[in-house]
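Visitor: Quick one: structure below, then a few questions.
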Ligand code: NAI
Ligand code: MG
């Protein structure tokens, strides 16, 4: 029996198209002959499209993307500081809009220090944890405004929105993930200062914990969490946290596990009402765009997350294993983006 998966592909800007080309190669290789066919629709979105047309994400784009089963995104964004992009706000108008409109309430960011990967920590131990970052609430919802702009009396508010509904659903996802992993969940917040939002997060975690006696639960303030991510990252299994703290912690997590070229992520709508979106954590890296210097591994690991999400767990495991073997075999020989992709394709097919 054959299954068709409709995949929206957004290569984006800078190194986005370069890393997506390799990710798609690996996707095609691992699903060849499996009876699952990925029908891909390319979408031209990002800074280049904005410069051409003045649009970031139209209603028509959104509706067309929404027709798909999943989305693979490279990276979007132009050269930071480009005056022509001053009013574009690609981050809010495109990435955040997709996450909010497609109700990607789980932002999943696994962090693993692969054997052979060079990380900055002298004695890292086994690093293998997943950050479950809330994706649709918190201070990122755009609930704010400013008055008296540009005067000494300027007032700027950016209100963090937290709902019991929004917290409970992401907390439930995190518990269920912890139950399938090493059964440890850490809530990260700042309950001592952000008493209203933090208090609600804590109460909801405690309530859901009572349904999961198999999961060991602890709590860390976000500042303490940054210490442990560096001094003892192996203490973590699943971290659940809000949108802003999760954004910051996952950059640190990416750094301790060997860098931005390896960090993958999923923007997930677990209910399946909307397509989930998979993307490397890194941006469009204009400094190396077009030079084949980008590491496509993060994009390829995003394909593994995509396959896993679609229930293609064997295929996902094959991609992950191929990447692990490739990383373990790395030496100082420089390889182009395409050479790394080809090497991983070879391992997937072996
Ligand atoms: P960036 O992640 O694009 O680059 C930071 C540094 O990491 C650069 O030196 C770059 O060369 C390097 N780097 C990134 N990915 C790499 C890879 N796969 N292999 C090797 N080196 C890699 O972040 P930056 O410079 O702050 O932002 C550049 C543009 O990307 C901006 O327009 C920004 O808004 C956008 N951006 C987009 C994101 C997305 O699409 N999800 C996320 C972050 C930034
Ligand atoms: Mg970030």
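Visitor: Look at residue 117 and say whether it is without any contact (Cβ under 8 Å) to a residue 60 or more places away in the chain and farther than 24 Å from residue 245 by Cβ. Talk me through it step by step, then tell me what you get.
Guide: On the way: without any contact (Cβ under 8 Å) to a residue 60 or more places away in the chain: no; farther than 24 Å from residue 245 by Cβ: yes.
When the stated conditions are applied, residue 117 does not pass them.
Visitor: Another question, if that's okay. Is the range 234-248 home to any residue that is modelled with pLDDT of 95 or more, in the same structural domain as residue 140 (by TED's automatic domain parsing), in a helix (DSSP H, G or I) and more than 29 Å from residue 97 (Cβ to Cβ)?
Guide: Yes: the range 234-248 contains one or more residues that are modelled with pLDDT of 95 or more, in the same structural domain as residue 140 (by TED's automatic domain parsing), in a helix (DSSP H, G or I) and more than 29 Å from residue 97 (Cβ to Cβ).
Visitor: A further question on this structure: Suppose the filter is within 16 Å of ligand 2 (Cβ to nearest atom), in a loop (DSSP other than H, G, I, E, B), crowded, with 17+ Cβ neighbours inside 10 Å and under 17 Å from the mean Cα position of the chain (by Cα); does residue 265 pass it? Break it down stepwise before answering.
Guide: On the way: within 16 Å of ligand 2 (Cβ to nearest atom): yes; in a loop (DSSP other than H, G, I, E, B): no; crowded, with 17+ Cβ neighbours inside 10 Å: yes; under 17 Å from the mean Cα position of the chain (by Cα): yes.
In short, no.
Visitor: Now for a separate question. In the range 122-140, how many residues are crowded, with 17+ Cβ neighbours inside 10 Å and outside any strand (DSSP E or B)? Step through it out loud before you land on a result.
Guide: Keep residues of the range 122-140 that are crowded, with 17+ Cβ neighbours inside 10 Å, which gives 124, 127-140.
Next, from what is left, pick out any that are outside any strand (DSSP E or B): 124, 127, 135-137, 139-140.
Looking only at that region, the number is 7.
One line per residue, one yes/no per condition, for (1) more than 16 Å from residue 23 (Cβ to Cβ); (2) touching a helix residue (DSSP H, G or I) at 6+ places or on another chain (Cβ under 7 Å); (3) in a helix (DSSP H, G or I):
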{"residue": "270", "(1), (2), (3)": "yes, yes, no"}
{"residue": "287", "(1), (2), (3)": "yes, no, no"}
{"residue": "292", "(1), (2), (3)": "no, yes, no"}
{"residue": "301", "(1), (2), (3)": "no, yes, yes"}
{"residue": "304", "(1), (2), (3)": "no, yes, yes"}
{"residue": "314", "(1), (2), (3)": "yes, no, yes"}
{"residue": "318", "(1), (2), (3)": "no, yes, yes"}
{"residue": "332", "(1), (2), (3)": "yes, no, no"}
{"residue": "341", "(1), (2), (3)": "no, yes, yes"}
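For (1) farther than 25 Å from residue 251 by Cβ; (2) buried (at least 21 other Cβ atoms within 10 Å of the Cβ), each residue gets a yes or a no:
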position	(1), (2)
22	no, yes
33	yes, no
39	yes, no
82	no, no
89	no, no
101	no, no
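Visitor: Continuing with this model, one more query. Scan the range 244-258 and report the pairs whose first residue is under 18 Å from residue 160 (Cα atoms) and whose second residue is within 13 Å of ligand 1 (Cβ to nearest atom), with Cβ atoms within less than 7 Å and a gap of 6+ or a chain change.
Guide: Note: pairs meeting the criteria are 246/107.
Visitor: Sticking with this structure for a sec: Take residue 173 and decide whether it is crowded, with 16+ Cβ neighbours inside 10 Å and in contact with a helix residue (DSSP H, G or I) (Cβ under 8 Å, 6 or more places away or on another chain). Step through it out loud before you land on a result.
Guide: Working: crowded, with 16+ Cβ neighbours inside 10 Å: yes; in contact with a helix residue (DSSP H, G or I) (Cβ under 8 Å, 6 or more places away or on another chain): no.
Judged against the criteria, residue 173 is not a match.
Visitor: Let me spell it out: the conditions are (1) away from ligand 1 (no atom under 15 Å from the Cβ); (2) assigned to a loop (DSSP other than H, G, I, E, B), and residue 206 meets all of them except one. Which number is the exception?
Guide: Residue 206 satisfies all of (1) away from ligand 1 (no atom under 15 Å from the Cβ); (2) assigned to a loop (DSSP other than H, G, I, E, B) except (2).
Visitor: So, one more: In the range 33-84, how many residues are farther than 27 Å from residue 288 by Cα, in contact (Cβ under 8 Å) with a residue 12 or more places away in the chain and not in a helix (DSSP H, G or I)?
Guide: Here is the first cut: in the range 33-84, the residues farther than 27 Å from residue 288 by Cα are 33-39, 58-70.
With in contact (Cβ under 8 Å) with a residue 12 or more places away in the chain added as a condition, the list becomes 34-39, 61-62, 64-70.
Of the ones still in play, those that are also not in a helix (DSSP H, G or I) are 34-39, 67-70.
Residues meeting the conditions: 10.
The values are calculated or read from the model by the stated rules, or taken from the named source; none is laboratory data. Keep in mind it's a predicted model, so treat the numbers as computed, not measured. We place every Cβ from the backbone using ideal geometry, glycine too, and count neighbours over all the protein chains shown.
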